[in-house]
Every structure is written in C-alpha cells, then in structure tokens.
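For reference, the structure discussed in these notes is given below.
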Amino acid sequence: MQLTFYTREGCPLCEDAKRMLQLAEDDYPFTWTEVDIEQDDAIHEKYMLMIPVIEIDGQVALYGSIGYMDIIGLFE
C-alpha cells in the first residue's frame, strides 16, 4: 500500500503523526511519501486546516491528530 503524508514545517501534530508512521512501517507493509503543503498552492489551499493528512489512492484516510492505532486501523 502506498500512502501520501501531507505535512508542513513547524506542525507539532505532523511531527507526532510522522513518528507514528515510522513505527507502523516496521510492522505493516506500506510505503509513504511526504509532501510539504507549503510547496504547492493548490495542496496548501486544500489541506491547510486539516494537516497532517494521510491519503490512500487520492482519498483522505486520516487527518488531524493521527495515532498509531489510527494508522494500523487502515490495514484491518
């Protein structure tokens, strides 16, 4: 499974979610790409109030406060 993780610099929730992704990738078969929303105006406008955001196949799967259990729930 391929995830896209939308984030931005200086976002504490994003840092927490990134740590949870790193923990989960040790136990579950997925890869992820990190995208800084500040690098693209359209993405910034779309997600500026939602970050962090995890997308799967172009669909928002998780956003806001994302914990380890939220991420592994994507695999059940």
Reported set for region 47-76 where residues are charged (D, E, K, R) and open to solvent by 40 Å² or more (accessible area, probe 1.4 Å) is Asp57, Asp70, Glu76
Considering residues that are crowded, with 17+ Cβ neighbours inside 10 Å and either without any contact (Cβ under 8 Å) to a residue 12 or more places away in the chain or among the polar types (S, T, N, Q) (or both), the number found within region 5-46 is 1
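The values are calculated or read from the model by the stated rules, or taken from the named source; none is laboratory data. Keep in mind that what you see is a predicted model, and the values were worked out from it rather than measured. Counting neighbours? That spans all protein chains shown, and the Cβs are built from the backbone with ideal geometry, glycine included. All accessible areas refer to the heavy atoms of the entire protein, side chains included, with ligands and DNA or RNA removed. Shrake-Rupley method; radii C 1.70, N 1.55, O 1.52, S 1.80 Å.
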